[in-house]
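Enquirer: Structure provided below as structure tokens; questions to follow.
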Amino acid sequence: MKMKIFVIFTLLLAVSCSSADDKIEFLTDTTIVYKTIPNIDKNLTSLDIYTLPDFDNLRPVVIWIHGGGWSIGDKLNKMDLKVPFFRDLGYIFVSINYRRSPFPFDLTDDNRIKHPDHIIDIADALKFVYNNIELYGGDKTNIVVLGHSAGAHLAALIGTNQTLLSNLNINPIHIKGIGSFDTQAYNIDKAIDLLSESDLYINAFTNDKTLQDDASPYFQMDNSSIITNRWLFVERGEPERKDLLNEFIAKLKSENITTTKIDANDYTHAEVNELIGNQSNTLMSDAIDNFLIECFIDN
């Protein structure tokens, strides 16, 4: 499958100083390497924190996971509208990177980056945020995780695996909501059977059905508790794509989980991402704004 590689923007410069009460005040936004892995580019295990000037009160935290088929993309993609949008709403905004599977795809390399590498990195990034975000003005007890495309899959996988967070001493009750925007990767094995993009999935999740099921949010609900009862989704695309989404939603509802869908059938996959923070078309932004209010204010 031919894919367009996103443009990677220049990393933000970070300037910080310690205040008397041990909080950190940033003159600009900051990039943090949340863990180091030998022979892995540190950018892939880094995150960007977009702070607010008011440190008198801790603010809720929105974490963003980028897409790119688990093989391309970067935490700086399409930040021009997202950063001011979430800042204007009064939230600390964090965009995270993770190790990527090979691009072009390499299905023959058994040592390639593949599941569970992506989700391990996401969990470790969450651990850094959870343990340190108060230094940046964020409230560790009020976190929402959002993602688009491959990032939507990873957000959903976090949201259906309480054990993953508990093993890192992250209290799952502090994750107040999950936003999973336009992915079909809820049931990996079924997605490979139904769709024409099998190499994309095999590159990230291999041919091993056990590993595919472990990477599937749909099946993780059977193995551990769902971490939050508030979920926001995007529906668009071919009938098969919608079926995979709606089967996942039906299973959430069977567990008494509250779900909301954004109807984005008039838009492309890329446009869904681009509409977040777009003042000329508030389809995504209004729904996200309302969702975050429900997650943060009602808790």
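The values are calculated or read from the model by the stated rules, or taken from the named source; none is laboratory data. For clarity, every value in this text was computed on a predicted model and none was experimentally measured. Cβ coordinates were reconstructed from backbone atoms using ideal geometry, including for glycine residues, and neighbour counts include every protein chain displayed.
Enquirer: Step by step: first the residues of the range 112-152, then only those that are of a type outside the set (A, V, I, L, M, F, W, C) and assigned to a strand (DSSP E or B), then the one that is nearest to the chain's Cα centre (by Cα). Which residue is that?
Expert: Only one residue fits best here, namely Gly147.
Enquirer: Could you grab me the full set of residues in the range 66-77 that are farther than 19 Å from Tyr136 by Cα and crowded, with 23+ Cβ neighbours inside 10 Å?
Expert: Correct list: His66, Gly67, Trp70, Gly73.
Enquirer: Out of the range 205-239, which residues are closer than 18 Å to Phe181 by Cβ and assigned to a helix (DSSP H, G or I)?
Expert: Passing the criteria: Pro217, Tyr218.
Enquirer: Would you mind telling me which numbered condition in (1) part of a loop (DSSP other than H, G, I, E, B); (2) in contact (Cβ under 8 Å) with a residue 60 or more places away in the chain; (3) not small (Gly, Ala, Ser) Tyr98 fails?
Expert: Unmet for Tyr98, out of (1) part of a loop (DSSP other than H, G, I, E, B); (2) in contact (Cβ under 8 Å) with a residue 60 or more places away in the chain; (3) not small (Gly, Ala, Ser): (2).
Table: residues versus (1) more than 21 Å from the chain's Cα centre (by Cα); (2) modelled with pLDDT under 95; (3) not basic (Lys, Arg).
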{"site": "Tyr218", "(1), (2), (3)": "no, no, yes"}
{"site": "Asp222", "(1), (2), (3)": "yes, yes, yes"}
{"site": "Arg230", "(1), (2), (3)": "no, no, no"}
{"site": "Arg241", "(1), (2), (3)": "no, no, no"}
{"site": "Asn246", "(1), (2), (3)": "no, no, yes"}
{"site": "Lys251", "(1), (2), (3)": "no, no, no"}
{"site": "Ser254", "(1), (2), (3)": "yes, yes, yes"}
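Enquirer: Look at the range 160-174 and say how many of its residues are in contact with a helix residue (DSSP H, G or I) (Cβ under 7 Å, 6 or more places away or on another chain) and either buried (at least 24 other Cβ atoms within 10 Å of the Cβ) or not in a helix (DSSP H, G or I) (or both).
Expert: Final tally of qualifying residues: 4.
Enquirer: Additional query: Can you tell me which residues in the range 180-204 are in a loop (DSSP other than H, G, I, E, B), under 19 Å from the mean Cα position of the chain (by Cα) and of a type outside the set (Gly, Ala, Ser)?
Expert: Selection gives Asp182, Thr183, Gln184, Tyr186, Asn187.
Enquirer: Among the residues of the range 183-201, are any polar (S, T, N, Q), surrounded by fewer than 19 Cβ atoms within 10 Å (Cβ to Cβ) and under 26 Å from Leu107 (Cβ atoms)?
Expert: There is at least one residue in the range 183-201 that is polar (S, T, N, Q), surrounded by fewer than 19 Cβ atoms within 10 Å (Cβ to Cβ) and under 26 Å from Leu107 (Cβ atoms).
Enquirer: Look at the range 90-124 and say how many of its residues are among the aliphatic types (A, V, I, L, M) and within 20 Å of Asp214 (Cα to Cα).
Expert: Counting residues in the range 90-124 that are among the aliphatic types (A, V, I, L, M) and within 20 Å of Asp214 (Cα to Cα) gives 6.
Enquirer: So, one more: Looking only at the range 30-57, count how many residues are part of a loop (DSSP other than H, G, I, E, B), at pLDDT below 95 and closer than 14 Å to Asn132 by Cβ.
Expert: 1
Enquirer: Being buried (at least 17 other Cβ atoms within 10 Å of the Cβ) and in contact with an Asp or Glu (Cβ under 9 Å, 6 or more places away or on another chain) is the filter; apply it to the range 252-266 and report the residue that is nearest to Leu292 (Cα to Cα).
Expert: For the range 252-266, the residue satisfying everything is Ile262.
Enquirer: While we're here: Filter the range 252-299 down to residues that are in a helix (DSSP H, G or I) and among the aromatic types (Phe, Trp, Tyr) and give me whichever is nearest to Tyr186 (Cα to Cα).
Expert: By that ranking, first place goes to Phe291.
Enquirer: Right, next: If I filter the range 90-148 down to residues being under 20 Å from Gln162 (Cα atoms) and of a type in the set (Gly, Ala, Ser), which single residue comes out as surrounded by the fewest Cβ atoms within 10 Å (Cβ to Cβ)?
Expert: Of everything passing the filter in the range 90-148, Ala123 is surrounded by the fewest Cβ atoms within 10 Å (Cβ to Cβ).
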